[in-house]
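A.B. asks: Pasting a structure here, questions to come.
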Amino acid sequence: MQKIHNVMNNDIQNNSTDDQLLRIRAEEQLKVKQQDEGLIEAEHDTKKLLHELQVHQIELEMQNEELRETNEIAESALKKYTMLYDLAPMGYFTLAADATILELNFTGAEMLGDRRFSLVNSNFKLFVSEQSRDVFNDFFKKVYTEKNKVSCEITLGYDNRILSCVRMEGVVISGERNCLLSVVTCLKAAKI
């Protein structure tokens, strides 16, 4: 009986060892399988991430193209504005509430007899002849009190030097306190 017990004990040990070995081998295969699946999942995640990056890159390229087109349109508009404003046949001025010249075009500078950059921050009243100063002051007050365009005719000049007779129109833009002024040389009727 002892012999039978020993044989059974050996079989149990062998079976136990076989079962343990089988389990160890199964766990190793599971690890390999999980690693393969992990690699597949990691590869899938990598492909997904690469796809997202490529889509983002194309979006950025499209935005860049839109910005380039918008910039070209803005440059074209600026060129047209510059031509229209700077080279207009009439003088354009932007004056502060105290008549300081904030901006002017080339024709305006020519009317005042100086270079454009030299006239910025000068007071426009300095270029109004003495005999027209009251008319200009009245005009300038009306520009700030009335909501419509106001106009007048004055003589430009300084240091007893007459520059020209001009017709001007002015308006104050709502929200701003600056006066937009357009000035055109007027021809006085010749005395016969």
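A.B. asks: Does TYR158 count as more than 20 Å from ASP86 (Cβ to Cβ) and under 34 Å from the mean Cα position of the chain (by Cα)?
C.D. replies: No: the conditions fail for TYR158.
A.B. asks: So, LYS79, is that one part of a helix (DSSP H, G or I), modelled with pLDDT of 90 or more and within 22 Å of VAL171 (Cβ to Cβ) or not?
C.D. replies: It is false that LYS79 is part of a helix (DSSP H, G or I), modelled with pLDDT of 90 or more and within 22 Å of VAL171 (Cβ to Cβ).
A.B. asks: Sticking with this structure for a sec: Need a quick list: strands (runs of 3 or more DSSP E) entirely within the range 82-192 having at least 3 residues that are touching a residue at least 60 places away in the same chain (Cβ under 8 Å).
C.D. replies: It comes to 91-95, 179-185.
A.B. asks: Ok, one more. Read through the list (1) loosely packed, with under 13 Cβ neighbours inside 10 Å; (2) more than 24 Å from ARG177 (Cβ to Cβ), then give the number of the only condition that LEU126 fails.
C.D. replies: Of the numbered conditions (1) loosely packed, with under 13 Cβ neighbours inside 10 Å; (2) more than 24 Å from ARG177 (Cβ to Cβ), the odd one out for LEU126 is (2).
A.B. asks: Okay, moving on. Would you confirm, using the coordinates I've provided, whether LEU112 is at pLDDT 95 or above, in the same structural domain as LEU181 (by TED's automatic domain parsing) and surrounded by 10 or more Cβ atoms within 10 Å (Cβ to Cβ)?
C.D. replies: For LEU112, the condition - at pLDDT 95 or above, in the same structural domain as LEU181 (by TED's automatic domain parsing) and surrounded by 10 or more Cβ atoms within 10 Å (Cβ to Cβ) - is not met.
A.B. asks: Which residue is farthest from the chain's Cα centre (by Cα), if the candidates are limited to the range 114-155 and must be closer than 20 Å to CYS186 by Cβ and among the acidic types (Asp, Glu)?
C.D. replies: That would be GLU130.
The values are calculated or read from the model by the stated rules, or taken from the named source; none is laboratory data. Please read all numbers here as calculations on a predicted model, not as lab measurements. Quick reminder, even Gly has a Cβ in these numbers, built from the backbone with ideal geometry, and neighbours come from all protein chains shown.
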